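Below: the structure, in structure tokens.
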Amino acid sequence: MCSAALNHETVSQDGKVRIPVAADEADVLADIYRDDCNLAIWRRTLSPALQEYVEAFLQNNVKFQVSLSLSPQSALTGLRKTLGNSAETASLAGDIAELVDMYCYLFDTKLVGLRLTALQKPMCPRFHIDQVPCRLVTTFQGPATEWLPHDRVADRSKLGRGSEGKPDEFSGLIRHASDIHRAAPGEVLLLKGERWEGNEGAGLVHRSPGIEDGGKRLLLTLDLI
């Protein structure tokens, strides 16, 4: 497997080097254990069939939202019970169950917290940092997560109250709109947060993307319990 750091400056205001690493193979997710990595991206593409199933699921479940605690052993059964027994939900449940299994194996844990949400507006529209060790995020349909590299591009003092109520693009957080990176639908992201030991002050800065009127988004997150 060949993984690659994305090309941008890596010298941050606080002297910490944190880079995103991306590859076409799932093995890249293990790079999150690197001290200098705060984002690992598996650049996968959903199959046309799964994309069709997700579209059909969203058509019938516009306001769907669920939170579950799952183990690798219970994931598929629990998801099928929650999502239903149609062809589209079976395919989606299988894919999510595989991600649960991968996440548990990677972090040597027996249980994860899962959230699957159908969205028609941004869940977290402002740039922020997660107060967790590491979160898996993937968007099955619609615009995907936006993020900023941990270097001089992002002025972290402008996060939260530091923005003085101004939009991200005008608060001083971002120098140029072109500095904002966006994942692609289907890609699997591991976002290192503030509670990862040794990563204090270097959690990935990210936000939910805007959604056009009438657009739909299906978002999955996995967290350690």
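Please treat every number below as a calculation from the coordinates, not as lab data. In this text the structure is predicted, and so the values were computed from the model without any measurement. Here the Cβ positions follow ideal geometry from the backbone for every residue, glycine too, while neighbour counts run over all protein chains shown.
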(request) May I ask you to sort LEU136, LEU83 by Cβ crowding, counting other Cβ atoms within 10 Å and putting the fewest first? (result) LEU83, LEU136
(request) Assuming R0 = 41 Å, can you tell me the calculated FRET efficiency for the pair ASP213 and ARG80, based on Cβ-Cβ distance, to the nearest 0.05? (result) 0.80
(request) Within 10 Å of each residue's Cβ, count the other Cβ atoms and sort TRP196, TRP147 from fewest upward. (result) TRP196, TRP147
(message) Could you work out how much longer the chain between ARG195 and ALA56 gets when fully extended? Use 0.36 nm per residue separation minus the Cα distance between them, nm to one decimal.
(response) 46.3 nm
(message) Just want the ordering: ARG135, ARG182, from fewest to most Cβ atoms lying within 10 Å of their own Cβ.
(response) ARG182, ARG135
(message) So, R0 is 30 Å and r is the distance between the beta-carbons of TYR105 and LYS63; what FRET efficiency does that work out to, to 0.05?
(response) 0.40
